[in-house]
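Since the structure comes first, as structure tokens, the remarks are kept for the end.
The values are calculated or read from the model by the stated rules, or taken from the named source; none is laboratory data. Just so it is clear, the structure is predicted and the values come from calculations on it, not from any experiment. Neighbour counts are summed over all protein chains in view; Cβ atoms, including those assigned to glycine, are modelled from backbone coordinates with ideal geometry.
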Amino acid sequence: MTHSRIGVMGGSFDPIHHGHLVAASEVAHRFSLDRVLFSPTGQAWHKQSANAASPELRYLMTVVATAGDPRFDVTRVDIDRPGPTYTVDTLRDLQAGFGRAHPQDTADWFFITGADALAEVVAWRDPDGILERAHLIGVTRPGHVLRDPGLAAGSATLVEVPALAISSTDVRARVARGEPIGYLVPDGVAHLIAKHRLYAAP
Ligand code: NAP
């Protein structure tokens, strides 16, 4: 029997950028995680910007961006589940899959996402179910004013990551203005954005 520590990095990844990768690496280091599963959201439940990339292209960009790191993998659970993405379903599906694949093994689970998103967690579907299944980690850039998610002490941790000065919104805006995105996103992601003409101004 082995015991693992597994991070689940949830996000739209529209597109994935170096801030996400540094954040996952930093959290993996600080929390001694064996692996981090990136889980791109499926259908956006609360928003859909006009120039959003499709779930399949967000998944593909995430696979390309994480390919070089043996600690990182990408899961399709949120892409393949019909309907809006709820984190309690993400964790339930991943934990059920882990139990089927490794019936003898145990794991501690950590759900990682942007601190802004996590600040709303009490309003998400089944917050108690989320907290039973994972420790929450909110990543944020230094100096960003944090809202208290209103959770019991010990159920969530906030981690500052300087590279999160990069944001997907800014990357999309730069593409629309014809500005360079080199060094903000991995080269393979920049190539996919160019090839599929993502985020271009209408
Ligand atoms: P979002 O509202 O698009 O993002 C809010 C902020 O958090 C943005 O600044 C964003 O920066 C940042 N962020 C998002 N994911 C991040 C990550 N993995 N690492 C670092 N920063 C991140 O949030 P979202 O992407 O839609 O949702 C984030 C996660 O929360 C997803 O897994 C989603 O399924 C989950 N969620 C669940 C519920 C629910 O269960 N009801 C509701 C909302 C969200 P970037 O744009 O640069 O990433």
Pairs with Cβ under 9 Å, 6+ apart, first in the stretch 109-127 and of a type in the set (Lys, Arg), second buried (at least 16 other Cβ atoms within 10 Å of the Cβ): 125/86; 125/87; 125/88; 125/89
Given the structure, is residue 10 in contact (Cβ under 8 Å) with a residue 12 or more places away in the chain, within 28 Å of residue 99 (Cα to Cα) and of a type outside the set (Ser, Thr, Tyr)? yes
For the stretch 87-100, state whether one or more residues are of a type in the set (A, V, I, L, M) and more than 14 Å from the ligand (Cβ to nearest atom). yes
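Quick grid of which residues meet (1) part of a strand (DSSP E or B); (2) more than 8 Å from the ligand (Cβ to nearest atom):
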{"position": "112", "(1), (2)": "yes, no"}
{"position": "116", "(1), (2)": "no, no"}
{"position": "132", "(1), (2)": "no, yes"}
{"position": "137", "(1), (2)": "yes, yes"}
{"position": "142", "(1), (2)": "no, yes"}
{"position": "145", "(1), (2)": "no, yes"}
{"position": "152", "(1), (2)": "no, yes"}
Would you confirm whether or not the stretch 56-69 contains a residue that is at negative phi and over 18 Å from the mean Cα position of the chain (by Cα)? no
Take the residues in the stretch 149-191 that are within 20 Å of the chain's Cα centre (by Cα) and over 25 Å from residue 60 (Cα atoms), then tell me which one is surrounded by the fewest Cβ atoms within 10 Å (Cβ to Cβ). 162
Among the residues of the stretch 1-23, which ones are more than 7 Å from the ligand (Cβ to nearest atom) and within 15 Å of residue 141 (Cβ to Cβ)? 18, 21, 22
Given (1) modelled with pLDDT of 95 or more; (2) within 12 Å of the ligand (Cβ to nearest atom); (3) under 22 Å from residue 24 (Cβ atoms); (4) not β-branched (Val, Ile, Thr), index of the condition residue 126 fails: (3)
